[in-house]
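Below is one structure, written out as structure tokens; comments come after it.
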Amino acid sequence: MPKLTIAIDGPAGSGKSSVSRRVAALLRYLYLDSGAMYRALALKALRREVALENEPRLEALARETHIELKPPTPEQEVAGAKNCVFLDGVDVTQEIRTAEVAQAASRLATIAKVREVLVAEQQRAGAGGGVVMEGRDIGTVVFPKSELKIFLDASPEVRAERRWKEHQEKGEKLTLAEVFDEVIERDKRDRDRKVSPLVCAADAVLVDNTAMGIEETARLIVLLAHEREKELAGAAGGKP
Ligand code: CDP
Ligand code: CDP
């Protein structure tokens, strides 16, 4: 069977990371979280106190930064570890998951030159297929020819509640209303920006998982992937 490139885009808290990770595990594909790259760069900008309006400085920062997404070792996976994110060789997996970093990421993600650098990295990382990449512009810009595009959505209330629960589990004292506002503000910025806004690609399958669990959603996407594999194998002259 041919190996697909699967693009999963959608707003904050729609389940992209959890669902994509599971889809990749079921298909034995590589999982890549493009948002983690924007977050890692944002963390560096915040630490260096680079103003988020300073476009030339942020572009230079993007060019001189090395961000690596590493799957956990089998032992780390058994212990519940997800993907690991390294910023200039240092593990920042936990540090990038704050609301402050999320906001900063969505601000620097509006800068075309910053996106150019990260998109090129993402294209390199996903070249060769057999990959599930998630983000905001994967099906529209990073891999516009991907064989399967999913636009994952859920109601804003459910998305905010999911994110709020994660903050609660980490002992962060944000209220549900604060998390709701953060998610809505970031979605608006992501949807309204001029470069690579968050939109559902014309050829994407819209999956609303407001009332669906991670496993159910992942299995639906795997079914769609198998359909595409068969279609492609058939088109290439193989047995359908
Ligand atoms: O990556 P994205 O922001 O789109 O969402 P996520 O980080 O995968 O999911 C946010 C939270 O919602 C996680 O804690 C997931 O476990 C949870 N979730 C859920 O409860 N049901 C789903 N169908 C999808 C995600
Ligand atoms: O997990 P969540 O959906 O909350 O966010 P994320 O996927 O980690 O992305 C953080 C921010 O990076 C988003 O709000 C976007 O502004 C930006 N991003 C982007 O512009 N393009 C991508 N392909 C991925 C993320």
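A few remarks follow.
- Computed over segment 67-128, the P(r) curve from all C-alpha pair distances, binned at 5 Å from the origin, holds 4, 15, 17, 24, 23, 11, 5, 1 percent per bin.
- Per-residue Karplus couplings for segment 136-146, computed as 6.51 cos²θ - 1.76 cosθ + 1.60 with θ equal to phi - 60°, are listed in order as 10, 10, 5, x, 9, 10, 6, 10, x, 9, 4 Hz, Gly and Pro entered as x.
- For the chain, share of DSSP beta bridges that run antiparallel, in % to the nearest 5: 25
- Computed accessible area, residue 57, all protein chains, 1.4 angstrom probe, square angstrom: 90
- Its Cα gyration tensor gives the chain an equivalent ellipsoid. The semi-axes, each the square root of 5 times an eigenvalue, are 28, 21, 18 Å from largest down.
- 226, 66, 167, reordered so the largest accessible area comes first (probe 1.4 Å): 66, 226, 167
- For residue 180, the solvent-accessible surface with a 1.4 Å probe is about 70 Å², rounded to the nearest 10.
- Put simply, segment 201-240 fits an ellipsoid with semi-axes of 26, 13, 4 Å; these come from the alpha carbon gyration tensor as the roots of five times its eigenvalues, largest first.
- Helix-only CD estimate at 222 nm, as mean residue ellipticity for the chain, using -39500 (n - 2.57) per DSSP H run (n ≥ 4): -16000 deg cm²/dmol
- For 53, 121, the ranking by accessible surface with the largest value first comes to 53, 121, using a 1.4 Å probe.
- Largest to smallest principal axis extent of the C-alpha atoms in segment 164-240, angstrom: 57, 33, 19
- With Cα atoms, 0 to 90° folded angle of helix 214-235 axis to the chain main axis: 50
- Ligands, DNA and RNA excluded, the heavy atoms of residue 219 present near 120 Å² of accessible surface to a 1.4 Å solvent probe.
- Cβ-derived FRET efficiency at R0 25 Å, residue 100 paired with residue 55, nearest 0.05: 0.75
- Highest-fluctuation residue, 129, 89, 139 considered, GNM on the chain with Cα pairs under 10 Å: 89
- Between helix 34-47 and the chain there is an angle of about 10 degrees, using the helix long axis and the longest principal axis of the Cα atoms.
- Expressed in units of 2.2 N^0.38 Å, where N is the residue count, the Cα radius of gyration of segment 1-57 is 1.52.
- Gain in span if fully extended, residue 120 to residue 1, counting 0.36 nm per residue against the direct Cα distance: 40.1 nm
- The alpha carbon radius of gyration of segment 78-189, expressed as a multiple of 2.2 N^0.38 Å, is 1.19.
- Sites residue 236 and residue 26 - FRET efficiency at Förster radius 30 Å, r taken between beta-carbons, to 0.05: 0.85
- Once both labels are positioned 7 Å from their Cα atoms along Cα-to-Cβ, the gap between residue 91 and residue 215 label points is 2.8 nm.
- Restricting attention to segment 17-163, the count of lysine pairs at 8 or more positions apart or across chains with alpha carbons under 27 Å apart stands at 10.
The values are calculated or read from the model by the stated rules, or taken from the named source; none is laboratory data. Source: prediction; values computed, not measured. Here Cβ is always computed from backbone atoms with ideal geometry, including for glycine, and neighbour counts include all displayed protein chains. Each accessible area value is taken on the protein alone, full model and side chains, heavy atoms only, with ligands, DNA and RNA left out. Shrake-Rupley method; radii C 1.70, N 1.55, O 1.52, S 1.80 Å.
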